[in-house]
Amino acid sequence: MTKHTINTLLFALNVGVLVLFLRSSDHFILFLSIAFGIFFLVLSAGVLFLRFNYFMKSIVTIEKPAVLLTFDDGPNPETTPMILDTLKKHEVKAIFFVIGKKAMEHPEIVQRMLLEGHRIGNHTFSHHPMFALLSGKKVKNEIQQLQTLLKSHAIQTTLFRPPIGYSNPIIARVVKDLGVKVIGWNQRSYDTVVKNPMKLAKRLVRLSKPGSIILLHDNLVQSRDSLDRYLNEAKEKGIIFANEQHLIGITNEIN
């Protein structure tokens, strides 16, 4: 039973109690409005925050003491190759959640990710900005299109991350039907907001706690330019990053 199902049942129970005992009260409408408001807020949080596991289960931590870097929205020929260079230099492995349209334009970068020991994840074919509002058929098509593209390049993956981390009952049902497994995060770099590479590197060091899965974007210049400084500072502090064995472990965990 999902958290959404439990919350819906509790909401229905509360409304039933209000109707049964307080419908003649002068404050009935107020109490009913509060109940609806709380239900809506919880529902909205479930849609927007994948880590709450409200509609579907997602993995948001890695085995301690490792830290796992994940990159969304690539590949980008201006940034992803240098990110791969830096990861190789520091012997750090990551998961890249690629967008189908970009992977189709730059299959050589996706192949390089795989050859260098990283994992490829499905981030949908087009990264639709209103993914949470799509029908089940369109959600399924977005995921399957990219799966088909990856298979045409001999790449198999069961890892999936919805655009912007959206979650709802429709997405949850499609995920279950397709047998893909959701990887979330518990630390957000906000590299879309922090433009200064030095500040971003320092923020990433602060976020790198044992068991963290960090969300980054390999299509951003600031992520590219901060990565080497971040990994140097993190290793000086004794932070351990995911290696190939950790990635095998997280893959086995979700199978």
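The values are calculated or read from the model by the stated rules, or taken from the named source; none is laboratory data. These figures come from a predicted structure and were not determined experimentally. Glycine also receives a Cβ, built like all others from the backbone with ideal geometry; neighbour counts cover every protein chain displayed.
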Review point. Mind checking whether some residue in the stretch 167-175 is under 23 Å from residue 247 (Cβ atoms) and assigned by TED's automatic domain parsing to the domain that holds residue 230?
Key: yes
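Of 94, 132, which residue is at negative phi and touching a His at 6+ places or on another chain (Cβ under 6 Å)?
Within the list 94, 132, the selection yields 94.
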Practice item. Would you check if there is a residue in the stretch 133-145 being of a type in the set (Ser, Thr, Tyr), part of a loop (DSSP other than H, G, I, E, B) and either touching a Ser or Thr at 6+ places or on another chain (Cβ under 9 Å) or not assigned by TED's automatic domain parsing to the domain that holds residue 225 (or both)? Key: no
Exercise for review: For residue 118, indicate whether it is buried (at least 21 other Cβ atoms within 10 Å of the Cβ), on the phi < 0 side of the Ramachandran plot and more than 16 Å from the chain's Cα centre (by Cα).
Suggested key: yes
Point to revise | Conditions (1) surrounded by 15 or more Cβ atoms within 10 Å (Cβ to Cβ); (2) among the small types (Gly, Ala, Ser); (3) assigned to a loop (DSSP other than H, G, I, E, B): number failed by residue 154 | key: (1)
